[in-house]
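Chemist: Encoded as structure tokens, here's the structure I'll be asking about.
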Amino acid sequence: MARRALITGITGQDGSYLAEHLLEQGYEVWGLARGQANPRVSRMRKLLADVHVVRGDLLDQGSLISAVERVQPDEVYNLGAISFVPMSWEQAELTAEVTGMGVLRMLEAIRVCSGVSRSSGSAGSSGQIRFYQASSSEMFGQVSETPQTESTAFHPRSPYGVAKAYGHFLTQNYRESYGMFAVSGILFNHESPRRGAEFVTRKVTLGVARIKLGLTAQLRLGNLEARRDWGFAGDYVKAMHLMLQAGSPEDYVIGTGRMKSVRELVEAAFTAAGLDWERHVVTDRALHRPAEVDLLCADPKKARAQLGWEPRVSFDELVAMMVESDLRLLTDGGDPDQDSSWP
Ligand code: NAP
Ligand code: GDD
């Protein structure tokens, strides 16, 4: 019988790539989708016709229990979150509820449905459902060392980072308390043509495409000096799957080990379209964050050694892929902003 996976965040970037990867591996894939008439669900269904949909919301404990009861998954991937860092200052409480407490609700749903009692402790009480938590390099925040490993201290710089740290520690705690196979992937920034238009890579590649096609002349950005370790989402979802196939439940850092600044990203994207970025980019203090994460750079040695995981797509290939895709999208009359209202 096919193994069954339940993915929260199915309408997001990673949900779509992970679903594709698991379908290729022969899984029966279920996506948790929220809302009465969520337009992102119909968009997802067009892209991923073979994914089954179960209704539920990370804010609603009962809905998660029902979803786990209905799907009877072998593996649960918790990708659902408020994931845009600036939004986490504007809606800090909602971010704590979805991105932080949502992890608790999902773990509880698995614990209850697996029949693991609170009093039995870890001895022999492990449920059969394996759990993946989408942790984030944002937890490192103001970094204490570079590159960052699985044992680097956390110093989150946003309500989002704080909420992710809660989910991370809670996942570890359920592993230790109940013997659950519960792991966190500490993923560094990963991008793709399916990235939300509010994140800087996609904002830049869409800006480049609009300028190239004569639709606008200017691109407004915030801090150009921040540095990130950017990889391709299609590579990173494979690491999520590998973590749940491992012999023992452990956490892993996933990234490329190379850093680039936003300025270098901009240069690469404009160059890919044959444009001079300095003629088009303006900076705006209003787009700076209350507290910035200046740099993030992964040390993915553990994932390479224990999971055999390697990123395949380079930074330049990623940027070129995204610019090319956005040029095609706009030329074909697509509307990349249909579900994004962020600047
Ligand atoms: P994304 O594109 O922003 O997707 C977020 C998903 O969460 C969407 O499917 C959204 O569904 C869902 N969601 C929001 N609120 C929810 C709720 N109350 N209940 C259930 N689902 C809800 O994010 P992504 O880039 O794919 O990232 C996936 C996960 O990895 C996130 O947890 C993110 O924080 C984490 N992460 C991402 C990166 C990265 O660089 N991409 C790096 C590290 C960690 P709707 O369509 O209903 O809004
Ligand atoms: N979004 C955005 N828009 N960012 C800008 C802009 C702009 O106009 N100008 C400069 N930046 C800088 C931000 O200040 C930040 O330092 C960097 O670009 C990257 O911003 P984002 O692409 O919004 O991503 P992020 O690093 O804050 O968060 C992403 O990666 C995390 C993993 O490290 C998200 O995907 C998070 O969900 C994820 O956990």
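Chemist: What base-10 log of the normalised intensity I(q)/I(0) is obtained for the chain from the Debye formula, alpha carbons as equal point scatterers, at q = 0.06, 0.08, 0.10, 0.13 Å⁻¹?
Modeler: -0.21, -0.37, -0.58, -1.00
Chemist: Around L187, which amide H atoms from residues at least 5 apart in sequence, or from another chain, sit under 5 Å from its own amide H, with H modelled in the peptide plane?
Modeler: Those qualifying (amide H under 5 Å, at least 5 residues apart or on another chain) are S135, S136, S137, I254.
Chemist: Let me ask you something else. Tell me, what HN-Hα J-couplings in whole Hz come from the Karplus equation 6.51 cos²θ - 1.76 cosθ + 1.60 at θ = phi - 60° for each residue of the range 93-101, using x for Gly and Pro?
Modeler: Listing the rounded values in order: 5, 5, 4, 4, 5, 7, 6, x, 5 Hz.
Chemist: Moving on to the next point. Send over a whole-number figure in Å² for the accessible area per residue of the range 202-343, probe 1.4 Å.
Modeler: 47
Chemist: Show S114, S151 ordered by accessible area, largest first, where the area counts protein heavy atoms only and the probe is 1.4 Å.
Modeler: The ordering from most to least exposed comes out as S151, S114.
Chemist: Pulled fully out, how much extra length does the chain show between S314 and S261, if you take 0.36 nm times their separation in residues and subtract their Cα-Cα distance?
Modeler: 17.6 nm
Chemist: Additional query: Tell me, what is the per residue accessible area of the range 35-192 in Å², probe radius 1.4 Å?
Modeler: Per-residue accessible area for the range 35-192 comes out at 42 Å².
Chemist: Please report the carbon-and-sulfur percent of the accessible area for the range 51-100; probe 1.4 Å, protein heavy atoms only, DNA, RNA and ligands left out.
Modeler: Whole-percent figure for carbon plus sulfur exposure: 47.
Chemist: How far apart, in nm, are the 7 Å Cα→Cβ label points at A153 and R55?
Modeler: Result for the modelled spin labels: 4.8 nm.
Chemist: Then there is this: Could you state how much accessible area D316 has, in square angstrom rounded to the nearest 10, with a 1.4 Å probe and all protein chains kept in place?
Modeler: Answer for D316: close to 100 Å² accessible.
Chemist: Under 11 Å from a point 7 Å along the Cα-to-Cβ line of E24: which residues of the range 59-76 have their amide N that close?
Modeler: Output list for this probe position: empty.
Chemist: Would you tell me the accessible area of V200, worked out with a 1.4 angstrom probe on the heavy atoms of the protein chains, in Å² to the nearest 10?
Modeler: Rounded to the nearest 10, the figure is 50 Å².
Chemist: Once you have the Cα-Cα distance between A217 and E145, take 0.36 nm times their residue separation minus that, and quote the gain in nm to one decimal.
Modeler: Here the answer is 21.9 nm.
Chemist: Which length gain, in nm to one decimal place, applies between S66 and A305 when the Cα-Cα distance is subtracted from 0.36 nm times their residue separation?
Modeler: Stretched fully, the S66-A305 segment lengthens by 82.2 nm.
Chemist: Ok, one more. Step by step: find N for the range 108-224, compute 2.2 N^0.38 Å, then divide the Cα radius of gyration by it. What's the final number?
Modeler: Relative to the rule-of-thumb radius for its length, the range 108-224 sits at 1.49.
The values are calculated or read from the model by the stated rules, or taken from the named source; none is laboratory data. The structure displayed is predicted, hence computed values, not measured ones. As a convention, Cβ positions derive from the backbone with ideal geometry for all residues, glycine included, and neighbour counts pool all protein chains shown. Accessible surface areas use protein heavy atoms only, side chains included; no ligands, DNA or RNA. Shrake-Rupley method; radii C 1.70, N 1.55, O 1.52, S 1.80 Å.
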